[in-house]
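J.: I'd like to ask you about the structure that follows.
The values are calculated or read from the model by the stated rules, or taken from the named source; none is laboratory data. In this text, all values refer to a predicted model and were calculated from it rather than measured experimentally. So basically every Cβ, Gly included, is an ideal-geometry build from the backbone, and we count neighbours across all protein chains shown.
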Amino acid sequence: MLKFFKKEKKFKKESSGFNPNLYWELAVCFIFVVILSAFFFGYYLFVKIDRKPILQVGNSSGQIETIKKERIEKVLEYFSLQQQKSNQILNSPAPVIDPSL
């Protein structure tokens, strides 16, 4: 008799040692742990930074150090020189480029 239509009783594959479902579950668990740890670390940093005082008093008189007038004048002079250079560039006529050369 022909054995073409023989019924199979066992359809499971034999174990090969590699289970992709296990590795997928491990990857999902690892990502979940990383996300939770990042959330708690961010919250910890937020609380740590939030507790620091905004202004720290350097000397006992309670006054905050001010910037020296010379430094401000030096910066203003630098920006005025930059503005003069920009105006010179904008006001100078552009050289005509001859495409036939």
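J.: Taking G17 and the conditions (1) at negative phi; (2) at pLDDT below 90, which numbered condition does it fall short on, given that it satisfies the others?
T.: (1)
J.: Restricted to the stretch 67-101, and to residues that are loosely packed, with under 10 Cβ neighbours inside 10 Å and of a type in the set (D, E), which residue is modelled with the highest pLDDT?
T.: E70
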